[in-house]
Amino acid sequence: SAEGMRRATAAGVRTIEHGDGGTDEVFRLMARNGVALCPTIAAGWSIARYGGWDPGSGTEPARVQAKRESLARARAAGVDICFGGDVGVYDHGDNVLELELMVEMGFTPLEAVHAATGGNADILELPDRGRIAPGLLADFVAVDGDPTADVGALRRVRFVMKGGSVVVGRTP
């Protein structure tokens, strides 16, 4: 609820998950206090799908429309948007769905990828990750395609490095 979001922001939280029901006033308060929104778009979208909704039908269920509207209001207020999902609502390992839905709801592919990498690292105060640079943890993937132009390329992982060790693929 808007009141719950207001109280959590006043109490000093770093993020608000979901954000449904947030008002312009609450989103402005979040922006002023550096509180990020983790919209969990794929959660509500998946629940609607399980209920029989067809995304190609041309109409959106109320929960999907409400998410679209709250996300637009949060962005207009200057709230940082982070990346995350909900456990058990959609298949584990399908995190790209959240990125695809972020793009469908108005983010550029680069904005969505940044939310999931450097943006989350900044919000969680983890300066040693979220970017590829000397001295940072070597955690990254290589994909078939350009995810800054098409986030769907992240479904085509060819190489994974975790902590400087190759865990999928091979080095040349």
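Rule-based calculations on the coordinates, nothing more; no lab input. These numbers were taken from a predicted model, which means no experiment stands behind them. Cβ: placed from backbone, ideal geometry, glycine included. Neighbour counts: every protein chain shown.
Cα gyration tensor of region 2-131, axes a ≥ b ≥ c as square roots of the eigenvalues: rounded (a/c below 1.5), prolate (a/b > b/c) or oblate? It comes out oblate by the Cα gyration axes.
In region 2-131, Cα pairs under 8 Å separated by at least six residues give a relative contact order of 25 percent. For ILE123, the shell of other residues with beta-carbons less than 14 Å away shows a net charge of -1, using +1 for Lys and Arg and -1 for Asp and Glu. Under the classification rounded if a/c is under 1.5, otherwise prolate if a/b is larger than b/c and oblate if not, where does region 66-172 fall, given a ≥ b ≥ c as square roots of the Cα gyration tensor eigenvalues? It comes out prolate by the Cα gyration axes. As a calculated quantity, the FRET efficiency between GLU60 and ALA2 at R0 = 22 Å, using C-beta atoms, amounts to about 0.55. Comparing LEU126, LEU154, LEU101 in a Gaussian network model of the chain, where Cα atoms under 10 Å apart are tied by springs, the biggest mean-square fluctuation is seen for LEU126.
Estimated purely from DSSP H runs of n ≥ 4, each contributing -39500 (n - 2.57), the mean residue ellipticity at 222 nm for the chain is -10500 deg cm²/dmol once divided by its residues. DSSP loop (so not H, G, I, E, B), at most 13 other Cβ within 10 Å: list which GluC sites (Glu not before Pro) in region 94-154 pass both filters. Counting only loop positions with at most 13 other Cβ atoms within 10 Å, the GluC sites (Glu not before Pro) in region 94-154 are GLU125.
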